[in-house]
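Peer 1: Got a structure here, written out as structure tokens. Questions coming.
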Amino acid sequence: MLELRNVTYEVEENGKTLDIVRDVSFVIVPDRFVVITGPNGGGKSTLARLISGVIRPTSGQILFDGEDITALGITERAKRGISYAMQQPVRFKGIEVLDLMRMAAGRNLSVAESCEYLSRVGLCARDYINREVNASLSGGELKRIEIATVLARATRLSVFDEPEAGIDLWSFQSLIRVFENMRKSIQDSSILVISHQERILRIADEIIVIADGRVKQHGTREEVLPGLIGTSSAETACERLEEEEN
């Protein structure tokens, strides 16, 4: 279980203190597919980095399975079972996909096991297993390989920061199918996705709306999604919510 208690993240800019995330509290229980949505600049990606340990909160607590992990970095959190997939996957010149899969899993995965994970994300394994993780791969291919490494890690919490960013329509369709399959196979784990794409929101068990660094709404898909549909995007809807509050 992941719990955020009154988490705030501040930065200094031009001699002023800016609140990027303000007093955010929520709980994510096991076996849930949760989507955090909201306008650009609202604090969504900052929350993903706070949860994964890339950055640490100015104040508040982050707990995972009852342990206070607020002071732990990304490596320590990864060891405890938190995976983090960034908006732009890293390219590794000289490292092949099989090597990356084995590093992610933390063990000497067989070729057959690695191919199974690649197949689950819609990649023809024999075409990719010995490819270098470099510029020869498209954005969509890199996204799916990164998801395959997350599957290989089999962690308690998987965090995906705007997985649809920078990929074409065909790759996005494939990405949706991957997440649909992940949602169906959740067991003793949770998935947290940062996104404002309606098709990803429709997969969610719960939706958390973040705007101006604060939680505006948190509820089931049935409770939250109807209020977001009917606008051009969830991002627009969240901007409207912020305007109404102000």
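Values quoted throughout were computed directly from the atomic coordinates according to the rules given, and no laboratory measurement underlies them. Small disclaimer: the values here were computed from a predicted structure and weren't measured. Cβ placement follows ideal geometry from the backbone for every residue including glycine, while neighbour counts extend to all protein chains displayed.
Peer 1: For region 12-105, take the alpha-carbon Rg, divide it by the Kirkwood Rh, and send me Rg/Rh.
Peer 2: Using Cα coordinates only, the ratio equals 1.00.
Peer 1: Which of the DSSP-defined H helices in the chain satisfy a minimum axial length of 15 Å, computed from C-alpha atoms, and a minimum mean Kyte-Doolittle hydropathy of 0.0?
Peer 2: Once both thresholds are applied, what remains is 139-153.
Peer 1: Taking 4 °C and 1.567 mPa s as the conditions, I'd like the Stokes-Einstein D for region 111-187 in µm²/s, using the Kirkwood hydrodynamic radius from alpha carbon pairs.
Peer 2: Value of D from the Cα-based Kirkwood radius: 101 µm²/s.
Peer 1: Taking neighbour Cβ counts within 10 Å as the exposure measure, how do L63, L137 sort from fewest upward?
Peer 2: Ranking L63, L137 by Cβ neighbours within 10 Å, fewest first, gives L63, L137.
Peer 1: While we're on this one: What residues from region 32-61 fall in the zone where the backbone N is under 15 Å from a label point 7 Å along the Cα-to-C-beta line of T220?
Peer 2: Only 32-34 fall inside the zone, counting backbone N under 15 Å.
Peer 1: Only Cα pairs within less than 10 Å get springs; with that Gaussian network setup on the chain, which residue of E223, E13, E206 has the largest fluctuation?
Peer 2: With Cα springs under 10 Å in the chain, the top fluctuation among E223, E13, E206 is at E13.
Peer 1: Tell me, what HN-Hα J-couplings in whole Hz come from the Karplus equation 6.51 cos²θ - 1.76 cosθ + 1.60 at θ = phi - 60° for each residue of region 213-220, using x for Gly and Pro?
Peer 2: Those phi angles translate into x, 10, 7, 8, 8, 8, x, 5 Hz.
Peer 1: Would you pull out the residues with amide H under 5 Å of I210's amide H, same chain only if 5 or more places away, H placed 1.01 Å from N?
Peer 2: Long-range HN contacts for I210: T37, G38, K216.
Peer 1: In addition: Explain nothing, just the number: relative contact order of region 2-245, from Cα pairs under 8 Å at least 6 residues apart, as a whole percent.
Peer 2: 28
Peer 1: Continuing with this model, one more query. How far, in nm, would the chain grow between R126 and Q87 when pulled straight, counting 0.36 nm per residue and subtracting the alpha carbon separation?
Peer 2: 11.4 nm
Peer 1: Suppose each label sits 7 Å from its Cα in the direction of the beta carbon; what would the N14-S119 distance come out to in nanometres?
Peer 2: Taking the two extended label points, one gets 5.7 nm.
Peer 1: Starting at the first residue of region 23-34, write each ³J(HN,Hα) from the Karplus equation 6.51 cos²θ - 1.76 cosθ + 1.60 with θ = phi - 60°, in whole Hz, x for Gly and Pro.
Peer 2: In residue order, the calculated couplings are 6, 8, 9, 6, 10, 10, 8, x, 6, 10, 9, 10 Hz.
Peer 1: While we're on this one: Taking the simple approach of a point 7 Å from Cα along Cα-to-Cβ for both K184 and K79, what is their distance in nm?
Peer 2: So the two model labels end up 3.7 nm from each other.
Peer 1: Also, quick follow-up: Report Rg(Cα)/(2.2 N^0.38 Å) for the chain, keeping two decimals.
Peer 2: Normalised Cα radius of gyration, the chain: 1.01.
Peer 1: Moving on to the next point. On a full-extension model of 0.36 nm per residue, what is the gain between S136 and R202, subtracting their alpha-carbon distance, rounded to one decimal in nm?
Peer 2: Working it through step by step, the gained length comes to 20.5 nm.
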